[in-house]
Amino acid sequence: MKIDTLVKPLMESIVAITIGVLIGAIVLTFSGFSPIEAYKALLDGALGSTYGIAMTLSSATPIILTALTFAISARTGIFNIGAEGTVYFGAIAAIILTNVVGNPLVGLLGGILLGALWSLPAAFLKVYRGVHEVISTIMFNWIAFYTVLYFVLGPLANPNDPNKTIEIPTSARLPLLMKGSELSWAFIIAILAAVISYYILWHTVLGYELRASGYNERAARYAGINPKRAIIWSFILGGLMSGLAGATEVMGRPPSYAISQGMANIHGYGFDGIGVSLVGRNHPIGIIFSGIFFGILKAGATAMQIEAGVPLEMVKVVQGIIVVAVAVPGLWDLIKKVVRR
Amino acid sequence: MEEVPIIKMKGIVKIYSDGTKALKGVDFSVKKGEIHGLLGENGAGKTTLMKILSGMLHPTEGKIYVNGSEVTFKSPADALAKGIGMVHQHFTLVDVFDALHNIILGMEGHGAFSKIDVERAKEKLQKLMDELNFQVPLEVPVENLPVGVQQRIEILKMLYRDVDVLILDEPTAVLTPIEVKELFDVLRTLKNQGKTIIFISHKLREVMEITDRVTVLRKGELIGTVNTSEATPQLLARMMVGRDVVLRVEKPPKVPGEPILKVEDLWVKGDRGEDAVKGLSFEVRAGEIFGIAGVEGNGQTELIEAITGLRKVEKGKIILNGKVITTKSPKDLYNLGVAHIPEDRINMGLILEMSVAENTILGLHWREKFVGPLNSIRWKNVKEHAKRLVENFEIVAPGVDSPAKSLSGGNQQKLIVAREVSKEPLLIVASQPTRGVDVASTEYIRNYLIKLRNEDKAVLLVSADLDEVLQLSDRMAIMYEGQFVGIVKPEEVTEEQIGLMMGGIKDEN
């Protein structure tokens, strides 16, 4: 039984990945590229060297964390897509605080706290005013974007480099795991976060209550669980993960150690996280693997462009197709559930 | 010469896909221009029979004749084409549409872009309303209208489709007494216009008041059709609840102890804001099963939810073992010694996606035994607990790690009973404890409730199954429209008296 519940989602994800890769190949063929060559370049770039592997893992880091945001919420029956905005705040909190106190722990803690705090308005709106979390979190993402952009362009602008904000001081940067690569302790932190998320969801009373109200709110209420409290907790735990994503991204991802102009280096992780979470079946351990899979796509994209001559846009198209195909089964379950409510 | 009935149904059998035999060969005929009552308890097959007549369900066997010629209905549209329309108990209106658009829905013309002739529809409706001598606002979203008006819109919707035979399923269930009176006026007007009306109900007084003839069903079988003028409420009650001999459970005599649950002048509102429980007072003592019988929808659900902390109490007091618990949460109540077997096993009693083990701690998952350091769950203890329950209650399950949905209905219900008993309660509130449960599990659960009573627990039993209440209760109340018609001892009442009380009539003898 236990094996069955494990194998089925795994198989579904693998089938979906295969379909995505095949459709991607068709698109590549019609666009005049050799799919075999392209995929070979992608895999080679992502996994063919220690540097490639380091790239893959460092690319996986932030999206594992943002996927946890989505997964914890989804387990509570909430469709929280506010990870994107929370990442921005996590990043800016880390930059500000480490420039006050040059200690990495302060930066991480700041990112976590601001992330959790930022997720609260959407939680309260949901619980007390019935505002649907999809609407509110989309709006909050924009509020976050422009608020943080103001700081990036204004108070935190780097006087020596117009392309980014002030940097994380050297003393507060997360140590690298491999010299010359982008892989730092951030990756270990993300794995730890996933394991802790798993522990909370499946081995604590809080997690039990979150999952119970996610599956069946009426039954949860009957069981003496307060679903409102469960929802607020799921937002808090989720926010803390995305806040951590933002903080680790600026503190542990060379070379910039800052937010770049237009926030390009911290942009899009929240949305990638949704795909990662769905492929990982909203399960923290599944998310580690699907995060690494997405990391492969991201890290391999550059190699695909350089070696197979596939333009970056095409790389993104292929990535998109794989993501969609891979996300379909999980998304399908979720849609069925939402419709049934 | 015998007049050809407008509706004739012959030998109707309906077996649902899950094997339930809802109708076992029922004959039914309606004369043109009459108001025909269809009377029976829950599960008698009234609604099923009418859904077949209105084309929503297909009979497994049997024939339907309209004006003497045989018909087959593939859909409600076919029935409508023959002039048969049904107003369901739960309305089928689009909340945000106004009356006009609700009524013309589906008749607005064919093709996605064809123009809707609103003016002509309005004219026709105005004429209809003038004839019927009632008005409904045509241009207000129906969600802003009272239930009585929504019902008229449903009736208008059918008349707009030129039905001759109008079926009303429990039409008074949702209405206030004044609205009932107004509805009856409308029905009489329709009758005078030559329409035929089939009136499904379980309320004896209403059936006596409005119908010309009554057909009584019981457990999927036809009991008989009588002229209302020749019937008495007593006769109808007897026809409705006449009992079969059923397997009896062992129940030794017992002198009940102290009152465990006291309810004083309790008022509770239903989902639509109506008063569902109206000033109830009663007590359940230790070592006693107090049963509540009655047709469903008479406030039983609201009463149970109020006692178990799931619904707000408007007025009155609930006292458990001397302690006022009126505003306590379910969690507090479990800690104080309440257990609750809810009526809705699938949506409340269990979380089907979760494992059997996880389900065995639902509502006691905070107990010391299951919680370790850092608020962690001691899965080892939980699994032991689950295994013990599965063993003690002879629950057939693939394992405690398999999801609750992999269990059969009967075993799911036993799982709930097992869990609730493991809360070591003083009071067990059991709502429809054996509904949809196989015979063996039913027997097990009933005997278990008696065992709890023998162990000096207080048991509050609510069931739409009259046999169950009669068999198990030491004392029983019959609930009707939010109140108790009477509190009696099962061995001291006749079927007729109970039938009358279920229909809202208290026998004065």
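Annotations for the structure displayed:
- Subset of the range B:365-380 [in a helix (DSSP H, G or I), open to solvent by 30 Å² or more (accessible area, probe 1.4 Å) and facing chain A (nearest Cβ under 10 Å)]: B:L374, B:N375, B:W379
- Residue selected from the range A:261-300 under the condition farther than 19 Å from A:I321 by Cβ, of a type in the set (S, T, N, Q) and part of a helix (DSSP H, G or I), by the criterion modelled with the highest pLDDT: A:N265
- Check on B:L427, touching a helix residue (DSSP H, G or I) at 6+ places or on another chain (Cβ under 8 Å), more than 14 Å from chain A (Cβ to nearest Cβ) and open to solvent by less than 50 Å² (accessible area, probe 1.4 Å): no
- Within the option set B:T360, B:T308, B:T301, being buried (at least 20 other Cβ atoms within 10 Å of the Cβ), at pLDDT below 95 and within 14 Å of another protein chain (Cβ to nearest Cβ) holds for one residue only, B:T301.
- Among (1) within 14 Å of chain A (Cβ to nearest Cβ); (2) assigned to a helix (DSSP H, G or I); (3) surrounded by 21 or more Cβ atoms within 10 Å (Cβ to Cβ); (4) not small (G, A, S) - the single one B:I351 does not satisfy: (2)
- Within the range B:430-472, tally of residues that are open to solvent by 10 Å² or more (accessible area, probe 1.4 Å), in contact with a Leu (Cβ under 9 Å, 6 or more places away or on another chain) and among the hydroxyl-bearing types (S, T, Y): 0
- Among residues of the range A:201-214 that are basic (K, R), those with a Cβ under 6 angstrom from a residue that is open to solvent by 10 Å² or more (accessible area, probe 1.4 Å), sequence gap 6+ or separate chain, pair up as A:R211/A:R75.
- Pairing residues of the range A:218-238 that are under 23 Å from B:P342 (Cα atoms) and touching a residue at least 40 places away in the same chain (Cβ under 8 Å) with residues that are open to solvent by 20 Å² or more (accessible area, probe 1.4 Å) and not in a helix (DSSP H, G or I), at Cβ distances under 9 Å and at least 6 apart in sequence or on separate chains, gives A:A230/A:G77.
- Looking only at residues of the range A:102-157 that are in contact (Cβ under 8 Å) with a residue 60 or more places away in the chain and not in a helix (DSSP H, G or I), we find that the one that is farthest from A:L240 (Cα to Cα) is A:L156.
- Looking only at residues of the range B:142-185 that are open to solvent by less than 10 Å² (accessible area, probe 1.4 Å) and among the β-branched types (V, I, T), we find that the one that is nearest to the chain's Cα centre (by Cα) is B:T172.
- When residues of the range A:192-209 are limited to those that are in contact with a helix residue (DSSP H, G or I) (Cβ under 6 Å, 6 or more places away or on another chain) and under 26 Å from B:V429 (Cα atoms), the one farthest from the other protein chains (Cβ to nearest Cβ): A:E209
- Residue list for the range A:10-54, filter: more than 15 Å from A:I306 (Cα to Cα) and surrounded by 19 or more Cβ atoms within 10 Å (Cβ to Cβ): A:S13, A:A16, A:G20, A:G24, A:L28, A:I53, A:A54
- In the range B:385-400, the condition of being within 14 Å of chain A (Cβ to nearest Cβ) and among the charged types (D, E, K, R) is met by no residue.
- When residues of the range A:242-271 are limited to those that are in contact with a Ser or Thr (Cβ under 7 Å, 6 or more places away or on another chain), in contact (Cβ under 8 Å) with a residue 24 or more places away in the chain and open to solvent by 10 Å² or more (accessible area, probe 1.4 Å), the one nearest to A:Q319 (Cα to Cα): A:Y269
- One residue from B:R152, B:R218 being touching a residue at least 12 places away in the same chain (Cβ under 8 Å) and more than 21 Å from B:K51 (Cβ to Cβ): B:R152
- Whichever residue in the range A:170-191 is part of a helix (DSSP H, G or I) and either β-branched (V, I, T) or in contact with a helix residue (DSSP H, G or I) (Cβ under 6 Å, 6 or more places away or on another chain) (or both) and, among such residues, is farthest from the other protein chains (Cβ to nearest Cβ): A:T170
- Leading residue by the ranking (nearest to the other protein chains (Cβ to nearest Cβ)) among those in the range B:314-338 that are touching a residue at least 40 places away in the same chain (Cβ under 8 Å) and buried (at least 21 other Cβ atoms within 10 Å of the Cβ): B:Y334
- Residues of the range B:29-43 that are outside any strand (DSSP E or B) and surrounded by fewer than 24 Cβ atoms within 10 Å (Cβ to Cβ): B:K31, B:K32, B:G33, B:E34, B:E41, B:N42, B:G43.
- Note on the range A:296-313: residues that are open to solvent by 20 Å² or more (accessible area, probe 1.4 Å) and within 24 Å of A:V15 (Cβ to Cβ) amount to 2.
- Of the listed requirements (1) open to solvent by 10 Å² or more (accessible area, probe 1.4 Å); (2) hydrophobic (A, V, I, L, M, F, W, C); (3) at pLDDT below 95, B:V295 misses just one: (1).
- Helices (runs of 4 or more DSSP H) completely within the range B:227-345 that count 2 or more residues being within 21 Å of the chain's Cα centre (by Cα): B:233-241, B:300-307
- Residue within the range B:408-418 that is in a helix (DSSP H, G or I), small (G, A, S) and open to solvent by 30 Å² or more (accessible area, probe 1.4 Å) present: no
- Whichever residue in the range A:210-226 is open to solvent by 10 Å² or more (accessible area, probe 1.4 Å) and farther than 19 Å from B:A306 by Cβ and, among such residues, is farthest from the other protein chains (Cβ to nearest Cβ): A:E217
The values are calculated or read from the model by the stated rules, or taken from the named source; none is laboratory data. The structure displayed is predicted, hence computed values, not measured ones. For neighbour counting, all protein chains shown are included, and Cβ atoms are generated from backbone atoms with ideal geometry for every residue, glycine included. Accessible surface is based on the protein model in full, side chains and every heavy atom, while ligands, DNA and RNA are left aside. Shrake-Rupley method; radii C 1.70, N 1.55, O 1.52, S 1.80 Å.
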